[in-house]
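Shown next, in structure tokens, is the structure this report addresses.
The values are calculated or read from the model by the stated rules, or taken from the named source; none is laboratory data. All figures in this text were calculated on a predicted structure; none of them were measured in a lab. Positions of Cβ are backbone-derived with ideal geometry, glycine not excepted, and every protein chain shown enters the neighbour counts.
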């Protein structure tokens, strides 16, 4: 998503990082300046918790860039996109929080059942905990209550569909997932370099010149996620979104630069 301005300059990673910092500053100001919400209302509480997660991911991306560790940026960006899908759903669907509760309870059910069977040294402390039966009972009651109301854990594609993010799920999320799951095509792109005569592994800590180099696009995407997550949560909590205006205005400028780039590329293709 790197873009050119009318004079032909491109958005550099430094510029994109500065924009991410601006987006984080605006969102953190929104949170710290007396964000009012009902802590006992799950919908509002979950939305704020997810926003905090997104802000953490944004700061993580800045830290990775500052340390020159670009390989993990796509992994962090996918987790942030996942969180934004839930924020969008919480904003649009009053009872969506129940599906998040169901997903959490389902995950715990599997873990608690495995611990109860014993034999897994990694779960030894949990297996021997006197509170394990109590935890299993409470978990079972919670799941039963949710199932009685027809509430179940949603699949990933269904979560994105409800958030009206199907296009993002079928493109961006899929590409970033390949990085998360260490798909061999991604590994080969990152760690194997080549020329017309031969191919070789790069040195430890280096990246192939043929790598996908998602860091620019992911940094811009991270900024968009921060802005839109903050705006969605502010709207849900019946706050204004003016605090995000500086970041939103700069995002509009970046989009305009991207449109210029597309027009320039189209002219080159025609010529």
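Against the test of being at negative phi, over 19 Å from the mean Cα position of the chain (by Cα), in a helix (DSSP H, G or I) and buried (at least 16 other Cβ atoms within 10 Å of the Cβ), the options 228, 261, 253, 235 yield a single qualifying residue, 261. Whenever a residue of the stretch 254-270 is touching a residue at least 24 places away in the same chain (Cβ under 8 Å), its partners that are loosely packed, with under 12 Cβ neighbours inside 10 Å, lying with C-beta atoms within less than 9 angstrom and at least six residues away or across chains, give the pairs 257/6; 257/9; 260/6; 264/8.
Among the residues making up the stretch 207-222, those that are under 11 Å from the mean Cα position of the chain (by Cα) and within 14 Å of residue 251 (Cα to Cα) are 221, 222. Against the conditions (1) more than 30 Å from residue 22 (Cα to Cα); (2) under 24 Å from the mean Cα position of the chain (by Cα), residue 200 satisfies every one except (2).
Residue 105: in contact with a helix residue (DSSP H, G or I) (Cβ under 8 Å, 6 or more places away or on another chain), buried (at least 17 other Cβ atoms within 10 Å of the Cβ), free of Cβ contacts under 8 Å to residues at least 24 places away in the same chain and part of a helix (DSSP H, G or I), yes or no? Spelling it out, it is not the case that residue 105 is in contact with a helix residue (DSSP H, G or I) (Cβ under 8 Å, 6 or more places away or on another chain), buried (at least 17 other Cβ atoms within 10 Å of the Cβ), free of Cβ contacts under 8 Å to residues at least 24 places away in the same chain and part of a helix (DSSP H, G or I).
Restricting the stretch 176-186 to residues that are surrounded by 13 or more Cβ atoms within 10 Å (Cβ to Cβ) and either more than 22 Å from the chain's Cα centre (by Cα) or free of Cβ contacts under 8 Å to residues at least 40 places away in the same chain (or both) leaves a set whose member that is nearest to residue 213 (Cα to Cα) is 186.
Has the stretch 60-71 got at least one residue that is modelled with pLDDT of 95 or more, part of a helix (DSSP H, G or I) and under 24 Å from residue 160 (Cβ atoms)? Yes, that holds for at least one residue.
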